[in-house]
Structure formats: structure tokens, C-alpha cells
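First the structure, in the form of C-alpha cells, and then the observations on it.
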Amino acid sequence: MWISTSALRQKNWRIRKPLSPGQTVSTRYLNLDAIPIVDEKGNFDGAFYVWSDVTDLHLKMEEVKKAQYRIDRMIADNPLAIAVLRADKSRISINSSMRSSGEVS
């Protein structure tokens, strides 16, 4: 038997329950990777499952999303004309003050 990695399947799970009796409810984010095991003829014979705790990664991604939202709001709501540019000076976005100033086309 051999393991085929070409058919790897992945699923993300959000689990909310006490980790042990008496503990408060906590949220964990788990990732399930499933690799089918097939024989030489290609017939399915089982699967190899690996659970990974990705809670820290998920929480960091949420922090980044919140920070990005705050930055976007500060730029959009600022009374000064602001343009956000890439390194090559092409425009990513402008706020409404910049748009109404008539300085951009």
C-alpha cells in the first residue's frame, strides 16, 4: 500500500466546548487534513487523518483584519485629502476628501 498525497483534503473546524469538566467554554480552531490510502490498483483502502490546532493563527488573522478595518476607517473618515499608493506610485485608494478636491481623475 502507498499513500497518495495528490488527493489531499482539508477541512477547518470551529469547536466551542469546555476542554475538561469544570472549565469555562473556550473556542478552538482545528484543521483536519485527510489523505486517502489507496492500493496499487487505485482502490480506496482507508485514510490517514491529521488534526492541527490552528487557533493561534486564526486569532492573529482576526487581529490583522481588525487593524486593517481601523486603518481603512481612519483614512476614509479623515477630513484631509489622502491617497494610498503602491511602491511604484500607482493608486490603491483615495478617501472622499481627495475625491471631492478634484485633484484626481
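The values are calculated or read from the model by the stated rules, or taken from the named source; none is laboratory data. Everything numeric here is computed off the predicted structure, so don't read it as measured data. As a convention, Cβ positions derive from the backbone with ideal geometry for all residues, glycine included, and neighbour counts pool all protein chains shown.
In the range 24-66, the residue that is surrounded by the most Cβ atoms within 10 Å (Cβ to Cβ) out of those that are polar (S, T, N, Q) and over 16 Å from N12 (Cα atoms) is S26.
For the range 67-76, taking the residues that are more than 16 Å from S101 (Cβ to Cβ) and of a type outside the set (G, A, S), the one that is surrounded by the most Cβ atoms within 10 Å (Cβ to Cβ) is identified as D72. State yes or no: is A81 of a type in the set (G, A, S), over 19 Å from T27 (Cα atoms) and at pLDDT 90 or above? No, not satisfied.
Taking the range 18-105 as the region of interest, the strands (runs of 3 or more DSSP E) fully inside it that hold 1 or more residues being at positive phi are 44-53.
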